[in-house]
Structure formats: C-alpha cells, structure tokens
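> Quick one: structure below, then a few questions.
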Amino acid sequence: MSTSLEGRKAVVTGAAQGIGKAIAKALAEAGAKVVISDINGEGAKAAAADIGHGAVGVTCDSTKVDQVNKMLEDAAENGAIDILVNNASIVPYIAWDDVDMEHWQKIIDTNLTSVFIASRKATDMMRAADRKGTVLNIASNAFYAGTPNMSAYVAAKGGVVGFTRALATEVGKYGIRVNAVTPGLIDSDGVKGSPHAESFGFVEMLQAMPGKGQPEDIAKVVAFLVSDDAGWMTGQCVNVDAGMIRL
Ligand code: NAD
Ligand code: 4PL
C-alpha cells in the first residue's frame, strides 16, 4: 500500500468548507502540501489554519481563467502540482419553473467550465514538468438520479463525468490520471440549512445502508484515488452514496 501522499503538491478548489475542506484535510494528513482555493478567501485561510500540516488558503474564483492560472502557478512553486481536485461548485435548489438563462449560465460556468479551466492549466504544467500528476473531479450521483430541483446542476455534473472520460483519454499518454467521484447527498456546510437537508429521509430510504453521508466519507475515497494505490485507474467515476444508486 502506498496511500501516503508525502512530498505531493495538491490544490483543492472550493475547500473553505464542506466536502472540499474534508478532502483538503485528508490529503494534508496523508502528507501532501495542500493549497485551499476558494472564492471565499477568508474561509479558505480559516480552513487552512484549522487543518494545519502546512496547508495554505488562497482567494480564487474558479470561473476566472487569470485567477486560476495564477493560483496554480503559485501552488506549483516553479514546478507543477501533483494533484488537482476540482470540487468548487454551487449546489442550487431551484424549481424547474424558475430555471432561466441566467441561472443556467451561472451553474454551467461554476460547476463545469471551472473544471475545464483548472484542468487545462494543471495538466499543461504537469506535462511541461514531466510530472505524472492526477486530476480528480467531484461530480454527483444527481447525474445518475436526475435529482429534482437542480436541472442545470445535473446537466453540469453530467458534463463533468463526460469531460473526466475525455481528458483521461487525452492525457493518459503522459501518465496523468483523471477520475471522478459521484457523491450522494452529503451533510456538508452548504447542504446544512438548505432545502436539500430535508431530503435526507427520502435519500436514506433509497440507500442500501442507513445513515447520513458525511464529507469525510467522500474525502477518504478521494485520498485513495489520487494516491499511487489507484495507479491503474483512470477515466473512472466512483459512486459513493451508501448504495443509493447501484450502478
Ligand atoms: P459547499 O456549498 O458546502 O461548499 C462549496 C464551496 O465552493 C464553498 O466554499 C464556496 O465558497 C466554493 N465556491 C463556490 N463557487 C466558487 C467559485 N466560483 N470559485 C471558487 N470557489 C467557489 O458544497 P459541498 O456540499 O461541500 O459540495 C462540494 C462538492 O461536492 C461540489 O462539487 C458539489 O457539487 C459536490 N456534491 C455535493 C453533494 C452534497 O450533497 N453536499 C452531493 C454530491 C456532490
Ligand atoms: C441525491 O449533488 O446527489 C441532493 C444536492 N440529493 O447536491 C447533490 C442528491 C443533492 C444529490 C445532491
């Protein structure tokens, strides 16, 4: 087993709170030097202080090419990062009748185009530095379920799954692995206090196992997928939802 991430440089986007913060913590505890990137810079710095292990918090809007490129260059410290986790996203709860062009565009930009922006730069840097790095995208089991009240989100996450497969194909020849995780409903900071929290009873009924999914349940699987233990895995979407969806 080589689950250790000692000496690896990692970036986790949207990691000021929730699942992203739990991922940043798991990677830092496995030995990686972690940059916590978030549009909420104060939150990112607070998360870094909380996690310790040399984690650093930075302000970065994942939808802005210039900000993302600079954030990744800073994180690479004249080389390349080894691990990019594309986690930043908006988790909306919106009736179909209220979905308009503005909402659709914001969700596609934040939840799908952001994944392209960071992956473009990070894989270019990995290739230039001859680094066999890895990209891990956080999609959602809402893509499989067609979960109600988040149509643009479901579409964006489907795009993330498709892009995961395509990018894995494009960069596999350089030894760069690209995978995704599709979490089910998770009791994250964002979900707590949102209308999604009211779905736990229904979702639990659909799960094969009872219980409320926690950010750490996702983080542990991510830590494995970005480690050398998953070295023969690429282009995969790993579903982590207590068996709500049985693929
Ligand atoms: P959350 O709302 O608790 O946290 C999301 C973070 O992303 C926040 O810190 C926010 O500031 C940041 N963010 C938003 N827009 C950004 C931008 N433009 N640039 C940079 N950062 C930005 O969310 P969460 O529940 O922890 O979800 C994390 C990931 O897991 C997301 O990709 C989400 O779609 C996915 N997911 C969540 C659930 C769930 O039930 N919580 C289920 C499946 C998938
Ligand atoms: C099943 O990704 O996958 C609610 C909120 N329910 O964000 C999600 C399910 C939500 C989900 C999601």
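The values are calculated or read from the model by the stated rules, or taken from the named source; none is laboratory data. Note that the structure is predicted; figures quoted are calculated from it, not measured. All Cβ positions, even for glycine, are placed from backbone atoms using ideal geometry, and neighbour counts span all protein chains on display. For the accessible areas, the whole protein counts, side chains as well, though only heavy atoms, and no ligand, DNA or RNA atoms are used. Shrake-Rupley method; radii C 1.70, N 1.55, O 1.52, S 1.80 Å.
> With a cut-off of 18 Å, note down the residues of region 86-113 whose backbone N falls inside the zone around a label point 7 Å from the Cα of GLU170 toward its beta carbon.
Label zone hits: 86-87, 109-113.
> Excluding ligands, DNA and RNA, what is the solvent-accessible area per residue of region 1-90 at a probe of 1.4 Å, expressed in Å²?
Ligands and nucleic acids excluded, the figure is 42 Å² per residue.
> Return an integer: the convex hull volume of the alpha-carbon atoms of the chain, in Å³ per residue.
Dividing the Cα hull volume of the chain by its residues yields 118 Å³.
> How many angstrom lie between the Cα centre of region 109-132 and the Cα centre of region 2-45?
So the two Cα centres are separated by 17 Å.
> Still on this structure: Can you work out the PRE-style zone for ILE94? Point 7 Å along Cα to Cβ, and I want the residues of region 148-172 with backbone N under 19 Å.
148-160
> If the reach is capped at under 18 angstrom between alpha carbons, list the lysines near LYS173, excluding any in the same chain fewer than eight residues apart.
Output for LYS173: LYS121, LYS132.
> Rounded to whole Å and ordered largest first, report the semi-axes of the equivalent ellipsoid of region 1-112 derived from its Cα gyration tensor (root of 5λ).
Over the Cα atoms of region 1-112, the semi-axes work out to 28, 15, 12 Å.
> Further question: Carbon and sulfur atoms: what percent of the 1.4 Å accessible area of the chain do they account for?
54 percent
> Suppose every Lys and Arg Cβ carries +1 and every Asp and Glu Cβ carries -1, with no other charges. What dipole size does the chain come out with about its Cα centre, to the nearest 20 debye? Mind dumping the intermediate values first?
Working: 22 positive and 28 negative charges, 141 e Å.
With only Lys, Arg, Asp and Glu charged at Cβ, the dipole is about 680 debye.
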